[in-house]
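Trainee: Can you read through this structure? Questions will come right after.
The values are calculated or read from the model by the stated rules, or taken from the named source; none is laboratory data. Computed from a prediction, not measured in an experiment: that's the story for all the values here. Cβ sites come from the backbone with ideal geometry, for glycine too, and all protein chains shown count toward neighbours. To get the accessible areas, we keep the full protein, side chains included, count just its heavy atoms, and leave off ligands, DNA and RNA. Shrake-Rupley method; radii C 1.70, N 1.55, O 1.52, S 1.80 Å.
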Amino acid sequence: MNKPSQISRRQFVGTAVSAAAASSLAAHSFLGSSAMGATAPSVADWKDEGVLFVDKSPYAKLHNVPVRAVTITEGFWGARRQINVDSSIPSMEKLLEANGRMDNFLRLVGQSSAAQRGPVYSDSDVYKWTEAAGFALQSGDRPELHALTNKIIKEVVAVQEPSGYLNTYYVGDKAKDRMQPDVQRWGHELYNLGHMMQGAIAFYRATGDRTLLDASMRFVDGYLLPNFGPGPDKKPVFSGHPEIEMALIELYRTTGEKRYLDFAGYILQGDDRIKVQKYGYVYHFCGIPFTTRTHLEGHAVRAMYACCGATDYYLETGDQAYLKTLNVLWEDLVNRQMYVTGGVGARSQGEAFGEPYELPNFTAYGESCAAIGNMMWNWRMLAATGEAKYADVIERALYNGINSGMSLDGTLYCYRNPLGFDPSNGDKIRNPWYDTTCCPPNLERTFASLPGYLYSTSKDGLYVHLYDNSKLDWHLEDGTGLQVTQKTNYPWDGSVEIAVAPARPTEFSLFVRIPGWSDGTQVAVNGQAVSGSTPGQYLALRRRWAPGDTVTVKFGMSPQVIEANPRVVDDFGRAAVQRGPLIYCLEQLDQPEGMSLFDARLDTRQAAPRFATEFEKDLLGGVVVIKHLGAVSERSSSGSRLYERLTATAPTARATELRFIPYYAWANRAATQMQVWTPVLRRGTLNQGVTF
Ligand SMILES: [Zn+2]
């Protein structure tokens, strides 16, 4: 440390981590029933912590508000969240039981004779469910759910070994494989632990109960830190499936124990004592310094979770090399790698990112978990910068690529979220259970945590990120009580009424997010028009706010035709339809009898009739349907040969009306008729009848 120029940054970090771990271990009793350290937050703190607890993070410009401070009332997300807590979370718990996920724990304490079931990462399904329950309990007491979560936590911690190790897969004959290099790559031990921490933290923030939190600290302090990390007396770490990084940093934020942050930094840096082929660094998105990354590649969920952890690390350390890399990767994401739905990960093979602009529709992978990872990463970037472009991505992913992942009744889930789908191949897209069931509880925890994403505070005031009927009961950062009530029919309608009621007249800024898609946004305060709205930015309304003040916002909700960069060859000649935050799609059963979507075109001539929109309350839980003129080629794709000679006379087409529904709601009706096509063909030369 005396001559930092003579040692590499990597060595420097390693030394610091080692020292921190040793000193804190000596001072910290982690084997007792309670691991309350000297820096543990006071009782009041856990209730005040949001999805992330970044109040003390030196490089966070925005701070989370607690999930419990925001009540989402009846409306778009209210309905979705009700189904999540009434149906999805309880039914998933039953499925976890039925598929042996709890038996895996019970067997180890002699309470079940069932054999081990499920892949190596099965414990994480239980933890992710616990996190969903934890967030749900932050929105209100549910004694039954609370008791069930307590029971599960009890069954989990009963399995913990005296060393702190806790994993139901690497036991018995497999205990010798623990944290072996190959198992670090593929065994998901640290991934499971990361989810255990996140579940523990969500439940702690709901109830103040530290049982699972203490257990996860025992794992880290008793097993991990004494045996693994930098230094000649410890074994190196390769996270394998990034997740542990962001979890360790949230554990640091929750407990104030800096060794967790340092250990996360060590993992993000990579330990070059572990030699992995280049493919490994690419696929696992770990093992080399995060700050050497130049583009997104490899397994999409791994990459998104790594970016989450790296952003968390930046929020705590201010390390500019991290911010620089994160910006480079984010530009890669939105300019070359993201679907119009906010989904990421183009390839099924390796669940991976493809080449730049490789965004196929029918074979799109777009795993629900990856879209969720995208939202989580952007939430962290938003905290770091206060820039609305990150909230735009959050909204895009949330309403589309994430929301599509759960059926409207809350019991079926997508693993893949393709943008085109032909059911004739027999593939079933929505299922109640997957043996790799990462996505269902991930969707559940996301919807359960949603109130925590509507607002942030900063020293200047309050940020409004997302719009829905809701009530905020919180305070400004100077402690002044503040209530904010939103009334709206968003996303079906672009009008939002925001009642702002500080406890006493107070000057601050209300940062109203103007979504990037909204043209001609109108904003008024107490009926007086306010200028300066710019799409994709926050409009700062600074004034002395007093109870009774009202902001009215009208977003431009005209449907839009969106086209991709021509380098996205799969979208060449196609367009997507968007209205507000929602991407729309065509489903076969909404179209005229006998018309194949393969033969349909969207009429994009200037002279074409404009979009017609209509709210249909009985359709798909109530949606705005969009209609637009289209055309159907008389030469049916099903009757054509594979190749036809191009002639001067193009096939004729007849006009038709195309009927669009929101993409998230696709595949919720008769299975045999499912077919979705988000980017639709356009601009054919179809003469005689309809010419484009
Ligand atoms: Zn998944």
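Trainee: How large a share of the accessible area of the range 446-494, in percent, is made up of carbon and sulfur atoms when the probe is 1.4 Å and the other protein chains stay in place? Working shown, then result.
Mentor: Working: 570 of 1360 Å².
Carbon plus sulfur share of accessible area: 42 percent.
Trainee: On to the next question. Would you give the gap between the C-alpha center of the range 93-114 and the C-alpha center of the range 311-337, rounded to a whole Å?
Mentor: 40
Trainee: Translational diffusion coefficient of the range 463-519 at 37 °C, 0.692 mPa s, Stokes-Einstein with Kirkwood Rh over Cα pairs, in µm²/s as a whole number.
Mentor: Diffusion coefficient, whole number: 265 µm²/s.
Trainee: Just check the range 279-398 against the gyration tensor rule for me: Cα atoms, a ≥ b ≥ c as the square roots of the eigenvalues, rounded for a/c under 1.5, and otherwise prolate or oblate depending on whether a/b exceeds b/c. If you can, show how the numbers build up before the last one.
Mentor: Working: a/c = 1.97, a/b = 1.26, b/c = 1.57.
Because a/c hits 1.5 or more and a/b fails to exceed b/c, the range 279-398 counts as oblate.
Trainee: Quick check: the distance between the Cα centres of the range 170-197 and the range 55-72, to the nearest angstrom?
Mentor: For the range 170-197 versus the range 55-72, the Cα centre distance is 33 Å.
Trainee: On to the next question. Ignoring ligands and nucleic acids, what accessible area does Cys438 show with a 1.4 Å probe (Å², nearest 10)?
Mentor: Ignoring ligands and nucleic acids, Cys438 comes out at about 10 Å².
Trainee: If one computes P(r) from the Cα atoms of the chain, what percent of pairs lie at distances over 33 Å? Before the final figure, lay out the partial values.
Mentor: Working: 117300 of 239086 pairs.
Percentage above 33 Å: 49.
Trainee: What fraction, in whole percent, of alpha-carbon pairs in the range 367-522 exceed 22 Å separation? Working shown, then result.
Mentor: Details: 6079 of 12090 pairs.
Tail of the P(r) past 22 Å holds 50 percent of the pairs.
Trainee: Estimate the FRET efficiency between Lys428 and Lys459 by the formula 1/(1 + (r/R0)^6), using the beta-carbon distance for r and 45 Å for R0, to the nearest 0.05.
Mentor: On the way: r = 51 Å, r/R0 = 1.13.
Efficiency at R0 = 45 Å is approximately 0.35.
Trainee: Considering only protein heavy atoms and a 1.4 Å probe, what is the carbon-and-sulfur percentage of the accessible area of the range 564-671?
Mentor: On the way: 2740 of 5530 Å².
So the carbon and sulfur contribution to the accessible surface is 49 percent.
Trainee: What lysines could a cross-link reach from Lys234, if we take a straight Cα to Cα line under 20 Å and drop same-chain neighbours fewer than 8 places away?
Mentor: Lys176, Lys258, Lys275
Trainee: When the dipole is taken about the Cα centre of the chain, and only Lys, Arg (+1) and Asp, Glu (-1) are charged at their Cβ, what size is it in debye, to the nearest 20? Provide the component values of the computation, followed by the final result.
Mentor: On the way: 69 positive and 73 negative charges, 194 e Å.
With Lys and Arg at +1 and Asp and Glu at -1, about 940 debye.
Trainee: Kirkwood Rh, the range 551-594, all Cα pairs: how many Å?
Mentor: Working: mean 1/r = 0.0774 Å⁻¹.
One over the average 1/r among Cα pairs gives 12.9 Å for the range 551-594.
Trainee: Once label points are set 7 Å from the Cα along Cα→Cβ at both Glu358 and Lys56, what is their separation, rounded to one decimal in nm?
Mentor: Here the modelled spin labels are 4.5 nm apart.
Trainee: So which of Lys47/Lys324; Lys47/Lys389; Lys47/Lys459; Lys94/Lys154; Lys61/Lys154 end up more than 27 Å apart by C-alpha? The partial results should precede the final answer.
Mentor: On the way: Lys47/Lys324 34 Å; Lys47/Lys389 29 Å; Lys47/Lys459 21 Å; Lys94/Lys154 17 Å; Lys61/Lys154 38 Å.
Violating the 27 Å Cα-Cα cut-off are Lys47/Lys324; Lys47/Lys389; Lys61/Lys154.
Trainee: If you don't mind, another one. Principal axes first, then extents: for the Cα atoms of the range 132-180, list largest minus smallest coordinate on each axis, whole Å, largest first.
Mentor: That gives 43, 18, 16 Å along the principal axes, largest extent first.
Trainee: So what are the radius of gyration and Dmax for the Cα set of the range 326-390, in Å?
Mentor: In Å, with Rg to one decimal and Dmax whole: 11.9, 36.
Trainee: Starting from the Cα gyration tensor of the range 206-353, multiply each eigenvalue by 5, take the square root, and state the resulting semi-axes largest first in whole Å. Spell out each step's value before the answer.
Mentor: Numbers: eigenvalues 143, 69, 44 Å².
Semi-axes (√(5λ), whole Å): 27, 19, 15.
Trainee: What share of all Cα pairs of the range 492-618, in percent, falls into each consecutive 5 Å distance bin?
Mentor: 2, 8, 14, 16, 15, 12, 10, 8, 6, 5, 3, 1, 0
Trainee: Further question: Report the label-to-label distance for Ala175 and Ser638 in nanometres (one decimal), using points 7 Å from each Cα along the Cα→Cβ vector.
Mentor: With each label point 7 Å from Cα toward Cβ, the separation is 6.1 nm.
Trainee: Where a Cα-Cα gap under 15 Å defines reach, which aspartates and glutamates qualify for Lys554, not counting those fewer than 8 residues away within the same chain?
Mentor: Those aspartates and glutamates meeting the cut-off are Asp468, Asp493, Glu497, Asp519.
Trainee: Another one. If one computes the Cα centroid of the range 388-423 and of the range 124-151, what distance in Å separates the two points?
Mentor: Rounded to whole Å, the Cα centres lie 23 Å apart.
Trainee: Something else: Out of every Cα-Cα pair in the range 165-261, what percent are more than 17 Å apart? Mind dumping the intermediate values first?
Mentor: Numbers: 2329 of 4656 pairs.
Here the tail beyond 17 Å accounts for 50 percent of pairs.
Trainee: Further question: Would you be so kind as to identify which of Gly516, Trp545, Leu620 lies farthest towards the positive end of the dipole of the range 484-639, taking Lys and Arg as +1 and Asp and Glu as -1 on Cβ and the Cα centre as origin?
Mentor: Trp545
Trainee: Now for a different question. What accessible area per residue, rounded to a whole number of Å², is obtained for the chain using a probe radius of 1.4 Å? Before the final figure, lay out the partial values.
Mentor: Numbers: 26030 Å² over 692 residues.
Here the residues of the chain average 38 Å² of exposed surface.
Trainee: Can you give me the distance in nm between label points at Asp435 and Thr652, each placed 7 Å from the Cα along the Cα-to-Cβ direction?
Mentor: 5.4
Trainee: Largest first and to the nearest Å, give the Cα extent of the range 68-224 along each principal axis.
Mentor: Extents along the principal axes, in whole Å: 53, 31, 28.
Trainee: Could you work out the Kirkwood radius for the range 492-555, taking every pair of different alpha carbons, averaging 1/r and inverting it, reported in Å? Don't jump to the answer; show the numbers that get you there.
Mentor: Working: mean 1/r = 0.0830 Å⁻¹.
Averaging 1/r across every pair of different Cα atoms and inverting gives 12.1 Å.
Trainee: Follow-up question, since we're still on this one. Taking Rh as the Kirkwood radius computed over C-alpha pairs, what is the Stokes-Einstein D of the range 217-261 at 37 °C in a medium of viscosity 0.692 mPa s, expressed in µm² per second?
Mentor: Numbers: Rh = 11.2 Å.
Rounded, D is 294 µm²/s.
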